Amino acid sequence: MNGFISSKYRSVLAAVVLMACIGCDPAEVPKSVDLPSEPGSTAGSAEESGDLHDSELMSAEILASVIERYAQAESYQDQAVLYLNYQLEGRQTQEPQRWSTVWERGGKYAGALFNGKVAANGGILSCYIFDIESENLDNQHLLMTYQSNVPFAKLFSDSIAKYFLGGYSDLPLDETKIEGSPSLLPPPLTLLAPELSSPWIQGSEQSLRLADGDVDGRSCYVVRSLSDDMTADIWIDRETLIIHQMSLPLKLLVGEVVTSPEIKEVQLLAKFHKAIFDEPIATAKFAIEDRGDATPLEKFVALPEAIPSRLIGQAVPGFQLIGDPGVPVTSDQFRGKVTAVLWLAGLSSYSSVRDFDLLARDLSDNRFQFGVVYSDADLKELGSLEVVDELATVSDVKNVKFYFDRAMKASKLLQMNVVPSVVVFDETMQLQFAVPVENSNWKRDLKAAMLRVADGENVADEMRASYGRFIESYKKQLQAVSAQPLLDRVKGN
């Protein structure tokens, strides 16, 4: 994959990544539904049952009516959420993702798609990607003009937008399917936008009507759709023909997630809360925001290299961690030795702890000290001590200490842009070195940097010079695709 694409959900780590998810409020958990059976299954088929209401309606007729109703809509809005549900080690977990759609005829749209916010006011489309854990894209603001329909096709031709708006940064999706338009777009959006299509509705190869069901008190037709050997179950309001719920194909996920014996009851379920047609929508809903210090661009620009921290070469601000057993540890307590700290990012980064521990064993003299920092993202239901026990057991760690960063406060103070990463402080707590763990040479570079820092060298100067070269190149790319005139037009309005 390209450099801007996060390695958060690699296939080989998919099962481990799922362990890092934190369960949502039980009140948010949708009603349980039957998972789609294998294609061709007729279990629960209403088309084979004569005792159900409207049994004369076939699944193809229902889907055709849904397509027609959405095509006739003057406006549509929902507060949709896409849920990844699964059971691991007897614990039920749910991971919600924003998936809302607000649409109005005349080229207006506002939506939250995973890690992005998209708005279109009838002439300008705005896309802002945020909360990206390991990429410096949070200072870019994409803008493009159009005349009639919202230019979704142009938006999703941008590889960065497609990756982050299509869910690849947030879910364990099969990245071999990333070519073309994103597979995970809200079905209401694909039904409303002419240039988009939903394979499970418009492109259904065959369909089957199942027994009717209820969603949030609304009586629904339930239709099973098959497209490209992927099943999707759709709950359709019998009165309004609005899609209230959809169980999406599990084949979109990395294979190991579905086939692992440890991960059970996997479900990709969308709920379109408060979905409604043809209600007035305030113009402010489609307003284009000025993102402040963000750079307005005609297309997103990938960084040549990720910078782990913006404080390289500077004295780090005072921070506090929590040691074992629950004792506060201040940054001053690291002074006097060359210190390496491995900053974790969920269970997916635990595999690096063993290598870090082996390096600590190799450099086991009194000039050095080593620490591993985990945060709330690593916690499971039983709390931080279990995480430490699990880390020590899995990694067989003997030479490093563990610290807890509550609410990631220390990480934010150190301006950590990339996690998991390793940072090195000198004896005066100046940040001398930082390298992402995804860099295949991180162990070699870390050891060399620690030895040089211990000998009194200033490694930070070299790092800043290296970063400076590609930062200048990056800034030139930003300038080349500037959309500042468009932003000025927005401000003018």
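Listed by first and then second residue, the pairs with beta-carbon distance under 6 Å, at least 6 apart or on different chains, first residue in segment 186-199 and in a helix (DSSP H, G or I) and hydroxyl-bearing (Ser, Thr, Tyr), second at pLDDT below 90 and surrounded by 24 or more Cβ atoms within 10 Å (Cβ to Cβ), are Thr190/Ser198.
Against the condition under 24 Å from Leu184 (Cα atoms), in the same structural domain as Leu268 (by TED's automatic domain parsing), modelled with pLDDT of 85 or more and not polar (S, T, N, Q), how does Leu57 come out, does it pass? Show your work before the answer.
Values: under 24 Å from Leu184 (Cα atoms): no; in the same structural domain as Leu268 (by TED's automatic domain parsing): yes; modelled with pLDDT of 85 or more: yes; not polar (S, T, N, Q): yes.
So Leu57 does not fit the description; no.
Contact map, segment 169-180: residues that are more than 16 Å from Leu82 (Cβ to Cβ) and among the basic types (Lys, Arg) paired with residues that are part of a loop (DSSP other than H, G, I, E, B) and at pLDDT below 85, Cβ distance under 7 Å, separation 6+ or inter-chain. Pairs shown: Lys177/Ser183. Scanning segment 209-220 for residues that are part of a strand (DSSP E or B) and either closer than 17 Å to His273 by Cα or not assigned by TED's automatic domain parsing to the domain that holds Lys251 (or both) gives Gly213, Asp214, Val215, Arg218, Ser219, Cys220. So in segment 272-323, with the set limited to residues that are touching an Asp or Glu at 6+ places or on another chain (Cβ under 8 Å) and among the basic types (Lys, Arg), which one is surrounded by the fewest Cβ atoms within 10 Å (Cβ to Cβ)? Only one residue tops the list, namely Lys274. Residues satisfying the criterion are present in segment 194-211 (criterion: buried (at least 16 other Cβ atoms within 10 Å of the Cβ), in contact with a helix residue (DSSP H, G or I) (Cβ under 9 Å, 6 or more places away or on another chain) and under 23 Å from Lys117 (Cβ atoms)).
A quick yes/no check of all residues on (1) modelled with pLDDT under 90; (2) touching an Asp or Glu at 6+ places or on another chain (Cβ under 7 Å); (3) surrounded by fewer than 18 Cβ atoms within 10 Å (Cβ to Cβ):
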| position | (1), (2), (3) |
| --- | --- |
| Leu184 | yes, no, no |
| Thr190 | no, no, no |
| Tyr221 | no, yes, no |
| Asp229 | yes, no, yes |
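Residue by residue, here is whether (1) over 31 Å from the mean Cα position of the chain (by Cα); (2) exposed (fewer than 15 other Cβ atoms within 10 Å of the Cβ); (3) more than 24 Å from Val316 (Cα to Cα) holds:
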site	(1), (2), (3)
Arg406	no, yes, no
Ser421	no, no, no
Asp426	yes, no, no
Glu438	no, no, no
Phe470	no, yes, no
Ala480	no, yes, yes
Leu487	no, no, yes
Lys491	no, yes, yes
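Out of the residues in segment 243-259 that are of a type in the set (Val, Ile, Thr) and without any contact (Cβ under 8 Å) to a residue 60 or more places away in the chain, state the one that is surrounded by the most Cβ atoms within 10 Å (Cβ to Cβ).
As a first pass, look at segment 243-259 and keep what is of a type in the set (Val, Ile, Thr): 243, 254, 257-259.
Filter again for without any contact (Cβ under 8 Å) to a residue 60 or more places away in the chain, leaving 258-259.
Details: Val258: 16, Thr259: 12.
This residue is Val258.
For Leu173, the requirement of being assigned by TED's automatic domain parsing to the domain that holds Leu82, closer than 22 Å to Ala302 by Cα and of a type in the set (A, V, I, L, M, F, W, C) is met. Only one entry of Gly456, Gly468 meets the criterion of being free of Cβ contacts under 8 Å to residues at least 12 places away in the same chain and at positive phi, and that entry is Gly456.
The values are calculated or read from the model by the stated rules, or taken from the named source; none is laboratory data. Keep in mind the model is a prediction, meaning the values are calculated, not measured. In this analysis, Cβ positions are derived from the backbone assuming ideal geometry, glycine residues included, and neighbour counts consider all displayed protein chains.
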